[in-house]
Structure formats: structure tokens, C-alpha cells
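Structure first, commentary second.
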Amino acid sequence: MALRNIVTGEDEILRKKSKPVTVFDRRLHELLDDMLETMEHADGVGLAAVQVGVLRRVVVIRIKEEDPVLELVNPVIVEASEEQQCGTEACLSYPGEAGIVCRPKRVTVQAQNRNGDMITVTGEDLLARALCHELDHLDGVVFLDRAERMLNEDEEE
Ligand code: NI
């Protein structure tokens, strides 16, 4: 495993649409392993491949240390609750920034795992928020686009 550089907001790659993964090989596994290491090193709860400069539809999420690592390849939201949650959101690609973003309270995502098998994940609250945030990255959408408002420095503390 190796740490990769996290691209930041000035990099236009964050605005590009990622391509589906078609080959589930060792390179993909290395990417997933590196993404997890990079995310944890940066104290994040989610990371999309585009954030390490790879335009592929790959996401890793782990909300709490004791949670299993979610590795999502080619993920799609198949169900979202009408009920919304509005709360603070931030992104490893925008250090020091945070905003209020409203998301569905619960979402169900279909994806493939690292071996290409289909998996289904349902998340509520923070996990639903992370799923929406990371899947947005795959389409070049960042939380700033969705923020009701950004927080100022006092509020961030
Ligand atoms: Ni992000």
C-alpha cells in the first residue's frame, strides 16, 4: 500500500466525470488499498478515486474505525428517502472549508466489490451523507455545489 496525493479544489480533474471500471484486476486492488490508506492518513471518512487523480468510478468509505471498509466500484443510488437531513459537510479536497448540505436521510446503493460481484449497501444518517457525497464526486460534483451555505471560521470550531 502507498499514500497517494489528494488533489485539491484548484485541480480541474475534480470536475470531470469518472469512467466505469471494466477490469477487476490487481491494479484496481492496489488503487482501493491506496485509497483506504490515503483516506485514513488524512482522517477522512470517504474518498473517491478522482481525488487521487484517477478518473474511475471507485469509492471507499469508512465512517468509524470499527466499521467495515466499504469498497464501491461503479456505484449507483437505486433508492433515496424523501426525508432529508441537513448538516455539516466537508471534503478532503477542500481543506478548511465546510458547509451545510441537505441530503436524503437514507439511501440504497448498488455497486460491485473489488472482485466484480454485485453488492447492495443501505446507509442512514452519516453513511447516507457519505455515500451521496462520494458518488457525486464520480460525476464531477462537489459539496460546494450543493451547500445551502458555507460555514465561517467561528462556526467551524
Ligand atoms: Ni469529497
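For N152, only one of the following conditions fails: (1) at pLDDT 95 or above; (2) more than 13 Å from L47 (Cα to Cα). What is its number? Of (1) at pLDDT 95 or above; (2) more than 13 Å from L47 (Cα to Cα), only one is false for N152: (1).
The selection criterion, being open to solvent by less than 70 Å² (accessible area, probe 1.4 Å), part of a strand (DSSP E or B) and within 18 Å of G140 (Cβ to Cβ), does not hold for V21.
Where helices (runs of 4 or more DSSP H) fall wholly inside the stretch 96-157, the ranges with 3 or more residues that are farther than 28 Å from D34 by Cα and open to solvent by 60 Å² or more (accessible area, probe 1.4 Å) are 153-156. Would you check if D67 is open to solvent by 20 Å² or more (accessible area, probe 1.4 Å) and without any contact (Cβ under 8 Å) to a residue 24 or more places away in the chain? When the stated conditions are applied, D67 passes them. If you go through the stretch 50-65 and keep only what is closer than 18 Å to R129 by Cα and assigned to a strand (DSSP E or B), you end up with V58, V59, V60, I61.
If I filter the stretch 78-91 down to residues being within 16 Å of the ligand (Cβ to nearest atom) and in a strand (DSSP E or B), which single residue comes out as surrounded by the most Cβ atoms within 10 Å (Cβ to Cβ)? Ranking the candidates gives E89 first. Considering only the stretch 1-18, state which residues are small (G, A, S) and surrounded by 13 or more Cβ atoms within 10 Å (Cβ to Cβ). Across the stretch 1-18, the qualifying residues are G9, S18.
The values are calculated or read from the model by the stated rules, or taken from the named source; none is laboratory data. Remember, predicted model here, so these are calculated numbers, not experimental data. Because the Cβ atoms are built from the backbone with ideal geometry, glycine has one as well, and the counts that use them run over all protein chains shown. Heads up: the accessible areas ignore ligands, DNA and RNA and are worked out on the full protein's heavy atoms, side chains in. Shrake-Rupley method; radii C 1.70, N 1.55, O 1.52, S 1.80 Å.
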